[in-house]
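The values are calculated or read from the model by the stated rules, or taken from the named source; none is laboratory data. Note that the coordinates shown come from a computational prediction; the quantities given were computed from them, not determined experimentally. Backbone-built Cβ (ideal geometry, glycine too); neighbour counts: all protein chains shown. These area figures cover heavy atoms from the full protein model, side chains too; ligands, DNA and RNA do not enter into them. Shrake-Rupley method; radii C 1.70, N 1.55, O 1.52, S 1.80 Å.
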Amino acid sequence: MGMHMLVLLRIASPLLLWGGACRAGDAVTLYYNERPPYLVGAPDGAVSGLTATPAARAFHAAGMDVTWVKTPINRQLALLREGGPRCTVGWFKNPERERFARFSRPIYRDLPTVALTRSDFSIRQKQPLESALATPGIRVLVKENYSYGGYIDNILLRVHPAVTKTSAESVNMIAMIDARRADLMFVAEEEAQYLIGLSGLSQQGFSVVRFADMPGGESRHIMCSMDLPEQWMRRLDREIQVPER
């Protein structure tokens, strides 16, 4: 990540401190989980980042007041299923989630997904993903209730490598890779080096693996309860500037 990432992380705070522009009753609870560079909380309650900033702009422009609440991912899903004027930021859209949630237009599009492995784990760069996951004995670490996008999700189902599921945060997952509890985890390229640095482990101990057939990054959305009125979603969508990649 370069300086442009840091700039993106800093520009949102003023946007999140709005007042007076909202229509009476148009209040939304907006759940987030700390995930730099996508979602970064500040001591004053503001949240900024690659997905937080465009979401904040859209809600503000649509005349909806939001309260950011830091919440674990599994709890976010449970709360959206319960209903009410609730949303969460930066999610991939898939058929399972569309059964209980509404999705906005894309607010951000990832770079192609990469894998993090230990430097001493033998895996070739630029090979097809399916070939990599067919490596004998490979153990893939994934987050519970998490989608890595349709392409990766489908190949995981088709190849069926050994999978370890965890509810741990991404930075703790890196420690699990380092401790040899698994060999590979998927991350967005935007966050790979940041997560290694945040873990406190040596950058030299890890490799970022890129795949020959990995498609362009998945789009990320605002995901809301089915109870959020459709007209609110339409207002929100009108204010979202769909990202280009």
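Would you work out what percent of the accessible area of the chain, with all protein chains in place, is carbon or sulfur (probe 1.4 Å)?
Details: 5780 of 11460 Å².
Carbon-and-sulfur percentage of accessible area, whole number: 50.
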**Study point:** the chain: most fluctuating residue of Asp178, Asp65, Asp153 per GNM, C-alpha cutoff 10 Å
**Key:** Asp153
Review point. How many angstrom lie between the C-alpha centres of the range 181-219 and the range 97-125?
Key: 10 Å
Practice item. Mind telling me which of Ser167, Ser48, Ser104 comes out most flexible in a GNM of the chain, alpha-carbon contacts under 10 Å? Key: Ser167
Practice item. Give the cross-link partners of Lys70 among the lysines, using a straight C-alpha distance below 28 Å as the criterion and excluding same-chain residues fewer than 8 apart. Key: Lys93, Lys143, Lys165
Practice item. Indicate the helices, whole DSSP H runs only, in the chain that combine a mean Kyte-Doolittle hydropathy of 1.6 or more with a Cα extent along their long axis of 24 angstrom or more. Key: none
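About its Cα centre, how strong a charge dipole does the chain have in debye, to the nearest 20, once Lys and Arg get +1 and Asp and Glu get -1 at the Cβ? Mind showing how you got there, number by number?
Working: 29 positive and 25 negative charges, 36 e Å.
Dipole about the Cα centre, nearest 20: 180 debye.
Before I look further, what does the chain give for accessible area per residue, probe 1.4 Å, in whole square angstrom?
Per-residue value: 47 Å².
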Exercise for review: Could you pull out which residues in the range 46-68 have an amide N less than 16 Å from a spot 7 Å beyond the Cα of Arg109, following the Cα-Cβ vector?
Suggested key: 51
Check your understanding: Hey, could you pull the Cα Rg and Dmax for the chain, both in Å?
Key -> 18.5, 60
**Study point:** GNM flexibility winner over the chain from Gln193, Gln76, Gln125 (Cα, springs under 10 Å)
**Key:** Gln125
Point to revise | Cut-off 14 Å between beta-carbons: net charge of the residues surrounding Leu198, Lys and Arg +1, Asp and Glu -1 | key: -4
